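Reviewing the structure listed below.
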Amino acid sequence: MTTYRIAPSILSADFARLGEEVRNVVAAGADMIHFDVMDNHYVPNLTIGPLVCEAIRPHVQVPIDVHLMVKPVDRIIPDFAKAGANIISFHPEGSEHIDRTLQLIREHGCKAGLVLNPATPLHILEHVMDKLDLILLMSVNPGFGGQSFIPHTLKKIAAVRKLIDATGRDIMLQVDGGVKIDNIGEIAAAGADTFVAGSAIFGKPDYTAVINAMRAELAKI
Ligand code: DX5
Ligand code: ZN
C-alpha cells in the first residue's frame, strides 16, 4: 500500500506568525513542511533563507523539505543542512554539475531531490536515479503560489512512476503547484505519493478540515 504524504507549503502561510502556523499545520496532520526558497534570479520572486529554516526548526518534529529555486545552488546547501533541513531539492538549471550537487546534499546528511519544471524533459533523471531520494515534478512554473495545475503533468507523473518502480528503490514522487482537494485523487492515481499544497491549506481557515478532506480523496485510490 502506498504511503501518501501531505507537505503544506509555507509560502502561503502568515509570515508574521510562522512558528504558530507550522505548529498548527502539523497538528492538523501535515507529514512534512515544504519550504520554498526563491532568489529573484532563478525565479522572479524572493522568499526565505536558512535563518528562517533555523527559526522554525524547534517548532516541528516533522521533516523540513527545502525546495531550492536558486541559481547557483551549491553554496547555500550546507547552510540549509545546518539550519535543520531534512530534504533538499533543487532545479537542474541551478547547478553546473548535477551529480556533484546531489552528492553534496547527501554528504551533509540530507535526502536529495531533483525538481523538474513543466517543460523540463525526464531524460535528465537517467544517470542519477541512484542518487535520488525524491523527484519533484512542478505542476506550475515555479515562482508563485496560487497558480493552476497544468494538466499534462499527469502524464509526466505516470512516466516517472514507471522509472521509479523500475529501480526498485523507495524514491518519493512529489508534485508541487495547484494541488487541491478536488484534484489530489487524480494526481495520486497517476502515481504521485507526496503532495505539496500551499494556498489550498494555508489559504483556508481550518487546516485540519482541508488535510482530512485530502486524505479522504487519497483513501479512494
Ligand atoms: C511554487 C512553489 C510551490 C507553491 C505551491 O514555485 O514551489 O510550493 O507554494 O503553492 P500552491 O499550492 O498555492 O500552488
Ligand atoms: Zn515548492
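The values are calculated or read from the model by the stated rules, or taken from the named source; none is laboratory data. Everything quoted here is computed from the prediction, not taken from an experiment. Cβ atoms come from the backbone with ideal geometry, glycine included; neighbour counts cover every protein chain shown.
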Give ALA200, ALA192 a once-over and let me know the one that is under 18 Å from SER139 (Cβ atoms), within 16 Å of ligand 2 (Cβ to nearest atom) and without any contact (Cβ under 8 Å) to a residue 24 or more places away in the chain. ALA200
So HIS123 ticks every box in (1) away from ligand 2 (no atom under 16 Å from the Cβ); (2) assigned to a strand (DSSP E or B) but one. Which box is left unticked? (2)
Expected output for the stretch 6-30 (first residue of a type outside the set (A, V, I, L, M, F, W, C), partner more than 16 Å from ligand 2 (Cβ to nearest atom) and assigned to a loop (DSSP other than H, G, I, E, B), Cβ below 7 Å, 6+ apart or cross-chain) is GLU21/ASP14; ARG23/VAL60
Subset of the stretch 30-48, residues surrounded by 17 or more Cβ atoms within 10 Å (Cβ to Cβ) and either touching a Gly at 6+ places or on another chain (Cβ under 7 Å) or not hydrophobic (A, V, I, L, M, F, W, C) (or both), comes to ASP31, HIS34, ASP36, VAL37, MET38, ASP39, TYR42, VAL43, THR47
Output for the stretch 16-52, where each listed residue is touching a Lys or Arg at 6+ places or on another chain (Cβ under 7 Å) and among the hydroxyl-bearing types (Ser, Thr, Tyr): TYR42
Need pairs with beta-carbon distance below 6 Å; first residue touching a residue at least 40 places away in the same chain (Cβ under 8 Å) and within the stretch 169-184, second within 10 Å of ligand 1 (Cβ to nearest atom); sequence gap 6+ or separate chains. GLN174/LEU136; ASP176/LEU136; ASP176/MET138; ASP176/VAL196; VAL179/PHE195; VAL179/ALA197
Mind checking whether some residue in the stretch 58-72 is more than 15 Å from ligand 1 (Cβ to nearest atom), surrounded by fewer than 20 Cβ atoms within 10 Å (Cβ to Cβ), assigned to a helix (DSSP H, G or I) and not aliphatic (A, V, I, L, M)? yes
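Please tell me if PHE202 is hydrophobic (A, V, I, L, M, F, W, C), within 11 Å of ligand 1 (Cβ to nearest atom) and either modelled with pLDDT under 95 or in contact with a Pro (Cβ under 8 Å, 6 or more places away or on another chain) (or both).
Values: hydrophobic (A, V, I, L, M, F, W, C): yes; within 11 Å of ligand 1 (Cβ to nearest atom): yes; either modelled with pLDDT under 95 or in contact with a Pro (Cβ under 8 Å, 6 or more places away or on another chain) (or both): yes.
Answer is yes for this residue.
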Subset of the stretch 123-132 [surrounded by 13 or more Cβ atoms within 10 Å (Cβ to Cβ) and farther than 18 Å from GLY168 by Cα]: ILE124
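Taking the criterion of being of a type in the set (Lys, Arg), modelled with pLDDT of 95 or more, away from ligand 2 (no atom under 15 Å from the Cβ) and closer than 18 Å to GLY143 by Cα, would at least one residue in the stretch 67-82 satisfy it? Talk me through it step by step, then tell me what you get.
Step one: list which residues in the stretch 67-82 are of a type in the set (Lys, Arg), which gives 71, 75, 82.
Narrowing further to those that are modelled with pLDDT of 95 or more: 71, 75, 82.
This time we only want the ones that are away from ligand 2 (no atom under 15 Å from the Cβ), so: 71, 75, 82.
Cutting the leftovers down to closer than 18 Å to GLY143 by Cα gives us 71.
Within the stretch 67-82, one or more residues are of a type in the set (Lys, Arg), modelled with pLDDT of 95 or more, away from ligand 2 (no atom under 15 Å from the Cβ) and closer than 18 Å to GLY143 by Cα.
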